[in-house]
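What follows is a single structure, written as structure tokens, with notes after it.
The values are calculated or read from the model by the stated rules, or taken from the named source; none is laboratory data. This is a predicted model, so every value here is computed, not measured. Note that each Cβ is placed from the backbone with ideal geometry, even for glycine, and that neighbours are counted across all protein chains shown. For the accessible areas, the whole protein counts, side chains as well, though only heavy atoms, and no ligand, DNA or RNA atoms are used. Shrake-Rupley method; radii C 1.70, N 1.55, O 1.52, S 1.80 Å.
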Amino acid sequence: MTEITERLAEIVERVARATTRAGRDANDVTIIAVSKEQPAAAIAAAYAAGVHHFGENFIGQLQANKTRLVAEHFAWVHTVDRARIAERLNEQRPQHAAPLNVLIQVNQSGDAQRGGAAPDEVAALASVIGALPRLRLCGLMTVPPPHGAPERWFAELKDLRARLRAAGIALDALSMGMSADFEAAIAAGASMIRVGTAIFGNRGA
Ligand SMILES: *Cc1c(COP(=O)(O)O)cnc(C)c1O
């Protein structure tokens, strides 16, 4: 488990350097340790080493039959991509809990295999979410297509946020960047990076 502590220290250092290069403050970037498929001991080690944000992942899109689990146990959801999912999360969020923070996942490449709302559907979905009292719309999330340079997609997500803001939609967070490309994402304005293997090593190992 000391490996996790060492890898995490290296990630924190790389995030600090990337924010400095971008003229940004390291505190403006939240590192989310993506702990899917990792043993509990690895998650405990990361927690002990100072990570307090963990990301879990449901295979593929968030399915309607999984929303209750998410509404009851999580503080944030980065993968809201359709009105039906937003409405279910809103209904299922327990009254004693704070509103659920949500990001709209954007499918930038139009690949039908992937989750996410099309860029031109985001404004309408944002207005649906804005009317749901148990949800708090915080920003946008992307997973760029696996091949090719991610910079273009990061820049486009930031542009989309700017256009939506200009249309009066309050959006702050940009969740983008994973183990292989979080420095490029920070350069492009990411406020949340989702780092799995670079902290924990291979999944299911
Ligand atoms: C698994 C996963 C990650 C982490 O990917 P790594 O390459 O291991 O850093 C980030 N975001 C999402 C949505 C994921 O499913």
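What length, rounded to one decimal in nm, is gained on full extension from Arg136 through to Ala83, with 0.36 nm per residue of separation minus their alpha-carbon distance?
On the way: separation 53, 0.36 × 53 = 19.08 nm, distance 1.40 nm.
Using 0.36 nm per residue and subtracting the Cα-Cα distance, I get 17.7 nm.
Run through segment 57-124 and list the GluC sites (Glu not before Pro) located in a DSSP loop whose Cβ has at most 16 other Cβ atoms within 10 Å.
Qualifying residues, ordered by number: none.
Leaving ligands, DNA and RNA out of it, work out the accessible area of Arg163 with a 1.4 Å probe and give it in Å² to the nearest 10.
The value for Arg163 is about 140 Å².
How far, in nm, would the chain grow between Arg163 and His53 when pulled straight, counting 0.36 nm per residue and subtracting the alpha carbon separation?
That works out to 36.7 nm of additional length.
For every helix of n ≥ 4 consecutive DSSP H residues, a contribution of -39,500 (n - 2.57) applies; sum these over the chain, divide by its total residues, and give [θ] at 222 nm rounded to the nearest 500 deg cm²/dmol.
Taking each H run of at least 4 residues, the total per residue is -11500 deg cm²/dmol.
Only Lys, Arg, Asp and Glu count, each charged at its Cβ (+1, +1, -1, -1), so figure out the dipole size of the chain about its Cα centre, rounded to 20 debye.
Dipole about the Cα centre, nearest 20: 380 debye.
Scaled to the compact-protein estimate 2.2 N^0.38 Å, what is the alpha-carbon radius of gyration of segment 32-191, rounded to two decimal places?
Ratio of Rg to 2.2 N^0.38 Å for segment 32-191: 1.03.
Along the Cα→Cβ direction, 7 angstrom out, place labels at Glu13 and Glu91. What is the inter-label distance in nm?
Spacing of the two 7 Å Cα→Cβ label points: 5.1 nm.
Please list 3J(HN,Hα) in residue order for segment 161-171, calculated via the Karplus relation 6.51 cos²θ - 1.76 cosθ + 1.60 where θ = phi - 60°; whole Hz, with x for glycine and proline.
So the Karplus estimates, Gly and Pro as x, are 4, 4, 5, 5, 4, 4, 8, x, 9, 6, 9 Hz.
Mind checking the per residue accessible area of segment 2-200 for me, 1.4 Å probe, whole number of Å²?
Values: 9920 Å² over 199 residues.
Normalised by residue count, the accessible surface of segment 2-200 is 50 Å².
Could you give the size of the charge dipole of segment 105-177 about its Cα centre, using +1 on the Cβ of each K and R and -1 on the Cβ of each D and E, expressed in debye and rounded to the nearest 20?
240
For segment 163-181 and segment 1-16, write down the distance between their C-alpha centroids in whole Å.
If you average the Cα positions of each part, the centres end up 26 Å apart.
May I ask which residue of Ile104, Trp153, Ala64 lies farthest towards the positive end of the charge dipole of the chain, with charges of +1 (Lys, Arg) and -1 (Asp, Glu) on Cβ and the Cα centre as origin?
Farthest along the dipole direction, towards plus: Ala64.
If you roll a 1.4 angstrom probe over the protein chains with everything in place, what fraction of the accessible area of segment 2-200 belongs to carbon and sulfur, to the nearest %?
Reported share for carbon and sulfur atoms: 52 percent.
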